[in-house]
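Take a look at the structure set out below.
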Amino acid sequence: DSELTKEQRESIQIIQSSGNHLLGLINDILDISKIEAGAMELRLENFYLDDLIDGIAAMFKIRCEQKQLGWRVEDAINEHLLVDADQGKLRQILINLLGNAVKFTEHGEVVLRLARLAEETYRIDVIDTGPGIPGNAQEMIFEPFQQEKAGFEKGGTGLGLAITKRQVELMAGKLILVSEV
């Protein structure tokens, strides 16, 4: 419809992104099976990292606004950067981590920070002002179907972080958790 306002068009794009995210959740169940069978593979492709980040940022800006949380992206790379990686897995990793940050944060903000460490090595941080994760639960939450008490209360499945950790490792990365209660 050519008479849609800019805001309506942006909302439709966000609805489409959210629909794609729902499809991703369905695929989580399939992914955990592939992981356990050792059958998960990388699908490398060239894509622009900032385009991926912009799409995810638009989705999480709305989610943060709905919860009256601050949202920002700190991009130290700050260029139209072509990368060769598994875009689908990277998208899923970021959505899982940011989704948890928004889900568990009631006050404050959520930040997505990007930095280049070396020529083809990048660091992506998801930072939030949520309640934190107790030390005794920090290892357990990366196992399938395991959650800390707050995860049960928020209605999680206990799959997101398990899948995320294994996908990061498959991409030769490392997932590090730093948290204080």
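The values are calculated or read from the model by the stated rules, or taken from the named source; none is laboratory data. Just so it is clear, the model here is predicted, and its values are computed rather than measured. All Cβ positions, even for glycine, are placed from backbone atoms using ideal geometry, and neighbour counts span all protein chains on display. Just the protein is used for accessible areas: all its heavy atoms, side chains included, with ligands, DNA and RNA removed. Shrake-Rupley method; radii C 1.70, N 1.55, O 1.52, S 1.80 Å.
Just the protein heavy atoms count here, and of the accessible area of the stretch 8-88 at 1.4 Å, carbon and sulfur take up 51 percent.
For n ≥ 4 DSSP H runs only, could you compute -39500 (n - 2.57) per run for the chain, divide by its residues and tell me the 222 nm figure to the nearest 500? Show your work: numbers first, answer last.
Numbers: 5 runs with 85 residues, N = 181.
Computed mean residue ellipticity for the chain: -15500 deg cm²/dmol.
The trypsin sites (Lys or Arg not before Pro) of the stretch 23-90 that meet both conditions, a loop assignment by DSSP and at most 10 other Cβ atoms within 10 Å of the site Cβ, are ARG43. State which helices in the chain qualify, where a helix is a whole DSSP H run, it must extend 18 Å or more along its own axis by its Cα atoms, and its mean Kyte-Doolittle hydropathy must be at least 0.0. Those that pass (Cα extent of 18 Å or more, hydropathy at least 0.0) are 49-66, 87-104.
Each other residue within a Cβ distance under 13 Å of GLN66 adds +1 if Lys or Arg and -1 if Asp or Glu, for a net charge of +2. Charges were assigned to the Cβ only: +1 to each Lys and Arg, -1 to each Asp and Glu. The resulting dipole of the chain about its Cα centre is roughly 380 debye. Given springs between every Cα pair under 10 Å in a Gaussian network model of the chain, which of GLN138, GLN87, GLN66 has the largest fluctuation? Result: GLN66 has the largest fluctuation of those listed.
Number of Lys-Lys pairs in the chain with C-alpha atoms under 13 Å apart and a separation of 8 or more places or on different chains: 4. Note on the chain: antiparallel DSSP beta bridges, both residues inside, total approximately 65 percent of the bridges counted.
Between LEU22, LEU52, LEU161, the residue with the greatest mean-square fluctuation in the GNM of the chain (Cα pairs under 10 Å linked by springs) is LEU22. Would the stretch 8-99 count as rounded, prolate or oblate if I go by the C-alpha gyration tensor, calling it rounded below 1.5 in a/c and otherwise prolate when a/b exceeds b/c, oblate otherwise? Oblate, because a/c is 1.5 or more while a/b does not exceed b/c. Choose one answer from ILE56, ILE141, ILE26: the residue with the largest mean-square fluctuation in a GNM of the chain with alpha-carbon springs under 10 Å. Per the Cα network of the chain with a 10 Å cutoff, ILE26 tops the list. Here the Kirkwood formula, the inverse mean of 1/r across different C-alpha pairs, assigns the stretch 20-167 a hydrodynamic radius of 16.3 Å.
Spatial offset of the stretch 23-49 relative to the stretch 55-127 amounts to 19 Å, using the alpha carbon center of each.
For the stretch 61-114, what class follows from the C-alpha gyration tensor (a ≥ b ≥ c being the square roots of its eigenvalues): rounded when a/c is under 1.5, otherwise prolate if a/b is larger than b/c, else oblate?
oblate
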